[in-house]
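The block underneath contains the structure these notes are about, expressed in structure tokens.
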């Protein structure tokens, strides 16, 4: 019975922990894919100043270096600024982003957000505009709009452009103010030939982003810096930290419940063996030897339960890691409306398995101290007669 208790405790804690940390992975992965990437190459000081003065030249050698890196899967150059968007007497301020259409779609899925018109190509001269912004300015596909901004080295950037497509974003802040141009057109508009303000990078293994950041930093020119998603998205870091803090409380309560469950099982088994212990001591078995045998038994039972729980949990966790749980109904629609895939991922990191197993194993060992205390105080005669047996 003690083995069963430990087995179920290990299995449940592993599955719950895998789901919890899988949620953290989902939050991080979806956030970086929709906005910053895991890493960004920027000009020194750009993140603080957001000025074209910190833009840099997009050289072939730099792109080749990034594309050859073993962990980098997507290299997505951008020009980001703000501009006045005007039609007639109506004017709005909006972020304006020059993109490589293919790599931007590979990273953010932007093409899927086109609700009217067509997506951009490398040679496109038109723009994509967010649905809310288009509605405020009474614009539709084929209409013209004037963009007015400041370009590279303080030059004036002003041009009348045609709307190629309308985008829908589930986040109101984005849907009310976003404009996209093909990168060559954006460089022409901002008088920034062959320059970009950032290069967003996606990598194959999120756990390796610090190592990739370090290796890139050593090989880049001094005027360039590599920023991580944690530096660019502190609100996501805080959200994950808050979720982890809540998880610590939940798991602490869960461990207490497990401890009481295992202790109750051990205590019941010990009381059922009172006559057995009394008889062994009466027949001449030293208490020290009986304590040793009981301790080894407790360790063996705990190990069997923990190993059995681990053996059952690993295939389950690995299966759901490779086949995420799909969410259905209204919750799935809510996920999709924010651009998130309606799935629940399961974390299968090796540290998860041994950390949870060790915690439950230690709880089981501590609970097994009760038989030791019981044997030290047992009275053989009373125990054999069934009168409690405690001194």
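The values are calculated or read from the model by the stated rules, or taken from the named source; none is laboratory data. Fair warning: this is a prediction, and the values are worked out from it, not measured in the lab. For neighbour counting, all protein chains shown are included, and Cβ atoms are generated from backbone atoms with ideal geometry for every residue, glycine included.
Considering only region 94-102, I want to know if a residue exists there that is assigned by TED's automatic domain parsing to the domain that holds residue 181, out of contact with any strand residue (DSSP E or B) (no Cβ under 9 Å at 6 or more places or on another chain), under 21 Å from residue 58 (Cα atoms) and without any contact (Cβ under 8 Å) to a residue 60 or more places away in the chain.
Just the residues of region 94-102 that are assigned by TED's automatic domain parsing to the domain that holds residue 181, to begin with: 94-102.
Keeping just the survivors that are out of contact with any strand residue (DSSP E or B) (no Cβ under 9 Å at 6 or more places or on another chain) gives 102.
Okay, now just the ones that are also under 21 Å from residue 58 (Cα atoms), so 102.
So of that shortlist, the ones also without any contact (Cβ under 8 Å) to a residue 60 or more places away in the chain come out as 102.
Yes, because at least one residue in region 94-102 is assigned by TED's automatic domain parsing to the domain that holds residue 181, out of contact with any strand residue (DSSP E or B) (no Cβ under 9 Å at 6 or more places or on another chain), under 21 Å from residue 58 (Cα atoms) and without any contact (Cβ under 8 Å) to a residue 60 or more places away in the chain.
Spot the failing condition for residue 153; the list is (1) surrounded by fewer than 17 Cβ atoms within 10 Å (Cβ to Cβ); (2) modelled with pLDDT of 95 or more, and only one is missed.
(2)
Condition first: touching a helix residue (DSSP H, G or I) at 6+ places or on another chain (Cβ under 9 Å) and either surrounded by fewer than 17 Cβ atoms within 10 Å (Cβ to Cβ) or outside any strand (DSSP E or B) (or both). Now tell me which residues in region 122-134 satisfy that. Talk me through it step by step, then tell me what you get.
We begin by selecting, within region 122-134, every residue touching a helix residue (DSSP H, G or I) at 6+ places or on another chain (Cβ under 9 Å); these are 122-128, 130-133.
Correct list: 122, 123, 124, 125, 126, 131, 132, 133.
Could you please let me know if residue 65 is farther than 17 Å from residue 100 by Cα and in the same structural domain as residue 359 (by TED's automatic domain parsing)?
Values: farther than 17 Å from residue 100 by Cα: yes; in the same structural domain as residue 359 (by TED's automatic domain parsing): no.
Criteria not met by residue 65.
Which members of region 162-194 meet the condition of being touching a strand residue (DSSP E or B) at 6+ places or on another chain (Cβ under 6 Å) and surrounded by fewer than 19 Cβ atoms within 10 Å (Cβ to Cβ)?
Those that are touching a strand residue (DSSP E or B) at 6+ places or on another chain (Cβ under 6 Å) and surrounded by fewer than 19 Cβ atoms within 10 Å (Cβ to Cβ): 162, 168, 175, 194.
From (1) over 30 Å from residue 105 (Cβ atoms); (2) exposed (fewer than 13 other Cβ atoms within 10 Å of the Cβ); (3) touching a helix residue (DSSP H, G or I) at 6+ places or on another chain (Cβ under 7 Å), pick out the condition that doesn't hold for residue 246.
(3)
Given the criterion outside any helix (DSSP H, G or I) and more than 16 Å from residue 66 (Cβ to Cβ), identify the matching residue among 239, 193.
On the way: 239 fails: outside any helix (DSSP H, G or I).
Among 239, 193, only 193 is outside any helix (DSSP H, G or I) and more than 16 Å from residue 66 (Cβ to Cβ).
Hey, which of the helices (runs of 4 or more DSSP H) in region 285-371, taking only ones fully inside, have at least 1 residues that are within 16 Å of residue 258 (Cα to Cα) and free of Cβ contacts under 8 Å to residues at least 40 places away in the same chain? Walk me through it before giving the result.
Numbers: elements: 287-322, 329-337, 350-367.
Passing ranges, in order: 350-367.
If I filter region 31-49 down to residues being surrounded by fewer than 17 Cβ atoms within 10 Å (Cβ to Cβ) and in contact (Cβ under 8 Å) with a residue 60 or more places away in the chain, which single residue comes out as farthest from residue 232 (Cα to Cα)? Talk me through it step by step, then tell me what you get.
Applying the first criterion (surrounded by fewer than 17 Cβ atoms within 10 Å (Cβ to Cβ)) to region 31-49 yields 35, 44-45, 47-49.
With the extra rule that they be in contact (Cβ under 8 Å) with a residue 60 or more places away in the chain, the set shrinks to 35, 44, 47.
Working: 35: 10, 44: 14, 47: 8 Å.
For region 31-49, the residue satisfying everything is 44.
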